[in-house]
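Notes for the one structure printed next.
The values are calculated or read from the model by the stated rules, or taken from the named source; none is laboratory data. As the structure is a prediction and not an experimental result, all values here were calculated from the model. We place every Cβ from the backbone using ideal geometry, glycine too, and count neighbours over all the protein chains shown. In case anyone asks, the SASA skips ligands and DNA or RNA and just uses the protein heavy atoms, side chains included. Shrake-Rupley method; radii C 1.70, N 1.55, O 1.52, S 1.80 Å.
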Amino acid sequence: MKPPIGRDTKLCMSLSGRPGNAGSRLHNRLYEILGLDYVYKSFSTTDLPAAVGGIRALGIRGCAISMPFKEAVIPLIDALEPSARVIDSVNTIVNDDGRLTGYNTDYVAVRDLLERRIATPLPFLLRGSGGMAKAVVAALRDAGFAEGCIVARNEAAGRALAEQYGYAWRAELPRESAPLLVNVTPLGMEGADADALAFPLEYIAGCAVAFDVVAQPVETPFVRAARDAGKPVISGGEVIVLQAVEQFLLYTGIRPPAEAVREATLFAHGAAVADSLAG
């Protein structure tokens, strides 16, 4: 049984431009299942340096970092774990007695999904060039996806990302689709872009696999269109659960058993995400 909240309770948190409830529900459910004296709470901020200072000053054990803070947080912490340093993007901060270290568990989750769900590496089109895109592109390269194109209107960021990993760059979508379509933009995310389709329907009809990293909601317009077209889908819900499990390990030192992860995923995200993770 989870102990009651008290002075020894460890606090973990998340910082996001658009905070949601799923991460808090998943982590807190795992704490309950495993009887750990932790609490998890999501936040947003307009003052990132002050928020990171609070992590250090208040002894907050760990913090998940989401858009738009994954790169901006780097100068504010003390050290980077190797994968975060290479990618130049942080999605997790661990506080060890006031020393803040940045990690990137997005990379771990995406590479695992690619290797489990796509038997043979495919040529891809990827939209996006921000912090999450860096993790996804690095995972694609390291999982053996040799041919791809980064589509990003930000020429400086898009070109740099493509050149770093040996891919092409375009400002706009090419005339033809690719076997693997990957969305790493806010298109389809709750808010102003909720109704936006990341790729045109004709591109989706011509692909073999659709991958959307947006997790709020899990069923984005892109994901729904791909399912309607009968395409295999990798969703942002799967990414966010797998990366959260890696964060949980960093925060607590415990890797939760598969049955606990499934129960927490059902609680936080529903049966669709839990079943796809099991598949």
Residue, farthest from the chain's Cα centre (by Cα), within region 8-27, restricted to residues that are modelled with pLDDT of 95 or more and over 16 Å from Gly237 (Cα atoms): Asp8
Selection status of Gly23, open to solvent by 20 Å² or more (accessible area, probe 1.4 Å) and either outside any helix (DSSP H, G or I) or of a type in the set (S, T, N, Q) (or both): no
Residues satisfying the stated conditions in region 210-235, i.e. in a helix (DSSP H, G or I) and crowded, with 24+ Cβ neighbours inside 10 Å: Phe222, Val223, Ala226
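Residues to consider are Leu30, Leu122; find the one that is surrounded by fewer than 21 Cβ atoms within 10 Å (Cβ to Cβ), at pLDDT 95 or above and either under 22 Å from Phe248 (Cβ atoms) or in contact with a strand residue (DSSP E or B) (Cβ under 9 Å, 6 or more places away or on another chain) (or both).
Values: Leu30 fails: surrounded by fewer than 21 Cβ atoms within 10 Å (Cβ to Cβ).
Just a single option satisfies the conditions, and that option is Leu122.
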Strands (runs of 3 or more DSSP E) fully within region 34-118 counting 2 or more residues that are of a type in the set (Gly, Ala, Ser) and open to solvent by less than 20 Å² (accessible area, probe 1.4 Å): 62-65
Subset tally (residues that are among the aliphatic types (A, V, I, L, M) and within 16 Å of Thr105 (Cβ to Cβ)) for region 221-263: 10
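Condition check ((1) assigned to a helix (DSSP H, G or I); (2) surrounded by 15 or more Cβ atoms within 10 Å (Cβ to Cβ); (3) over 22 Å from the mean Cα position of the chain (by Cα)) across all residues:
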residue: Arg175; (1), (2), (3): no, no, yes
residue: Leu181; (1), (2), (3): no, yes, no
residue: Thr185; (1), (2), (3): no, yes, no
residue: Ala198; (1), (2), (3): no, yes, no
residue: Glu202; (1), (2), (3): yes, no, yes
